[in-house]
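The values are calculated or read from the model by the stated rules, or taken from the named source; none is laboratory data. Not measured: the values here are computed from a predicted model. Every residue, glycine as well, gets a Cβ built from its backbone with ideal geometry; the counts of neighbours run over all protein chains shown.
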Amino acid sequence: MAEETPPNAEETGEVPEKPHTPPDLLLFGKWDSTEVVVNDVGLARYISLKPVLIPHTAGRHSHKRFHKSNVPIVERFVNKLLNAGKRKEKKTRTGRNAGKKAKAIGILKRVFEMIDYRTGLNPIQVLVTSIENAAPAEETTRISYGGMAYPRSVDVAPQRRIDLALRSLAVGAVRAAHKSAKSFEECIVDELLLAYKNDPSSYAISRKEERERVARSAR
């Protein structure tokens, strides 16, 4: 007996899936940002995955309201690495890399290469998932009532959630690199991979859990 030929897409009415075609601009010529998935629906609008070759927009969005949402998420992490040092008396962060964005971009490129070599995953996906895991959903504020100030639990805005997560990831890497035999790049890789796995030993994850624990007690 002759073998039956399988029905084609026109007969079944199914639309065949188109193969994913990467954009012309790959980050550092290697990694595709359009295939990255944001699982947190609340943060998807504020995480920009626009394809760029180099994470440096030269402040093109600074004149717009909520311009940070239009800046690629990789560049926002680079900007946090610039000033993730110790605090001065005026409470401004001034690290050794302050103002050296080209150097910070080179550091991040080596970090992404190390993540790709260790895990085989898209480093942009690792960064985005780390941000989602390290972004606190609840924190406390102080409300004055009757001449007394009381802590109260409040929900965190999506833009602030991303800012807190980026800052915690950068500060955690800087603290780990202080007086350590590891290089700054290795400390960033360790911090991102721990946050990607939602490991409590990550500085960013521990800070998130501490914020949410204090907020739960102030409900």
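A few notes on this one:
- Odd one out for Glu139, checked against (1) at pLDDT 90 or above; (2) among the charged types (D, E, K, R); (3) over 14 Å from the mean Cα position of the chain (by Cα): (1)
- Restricting the stretch 122-146 to residues that are small (Gly, Ala, Ser) and surrounded by fewer than 12 Cβ atoms within 10 Å (Cβ to Cβ), the residue that is farthest from Leu43 (Cα to Cα) is Gly146.
- Hey, Ala177 farther than 24 Å from Asn70 by Cα, crowded, with 21+ Cβ neighbours inside 10 Å and touching a Cys at 6+ places or on another chain (Cβ under 6 Å) or not: no
- Conditions (1) closer than 18 Å to Ala104 by Cβ; (2) modelled with pLDDT under 85; (3) aliphatic (A, V, I, L, M); (4) surrounded by fewer than 16 Cβ atoms within 10 Å (Cβ to Cβ); number of the one not met by Ala84: (4)
- Which listed residue, of Ala176, Ala165, is under 10 Å from the mean Cα position of the chain (by Cα), modelled with pLDDT of 85 or more and within 22 Å of Asn83 (Cβ to Cβ): Ala165
- One residue stands out in the stretch 178-216 among those that are free of Cβ contacts under 8 Å to residues at least 12 places away in the same chain, of a type in the set (S, T, N, Q) and out of contact with any Pro (no Cβ under 7 Å at 6 or more places or on another chain): the one that is farthest from Arg76 (Cα to Cα), namely Ser180.
- Tally, over the stretch 179-212, of residues that are more than 23 Å from Ile105 (Cβ to Cβ) and outside any helix (DSSP H, G or I): 8
- Flag for Arg175 being in contact (Cβ under 8 Å) with a residue 24 or more places away in the chain and not in a helix (DSSP H, G or I): no
- For the stretch 147-160, the condition of being of a type outside the set (Ser, Thr, Tyr), under 17 Å from Ala204 (Cα atoms), modelled with pLDDT of 90 or more and surrounded by fewer than 18 Cβ atoms within 10 Å (Cβ to Cβ) holds for at least one residue.
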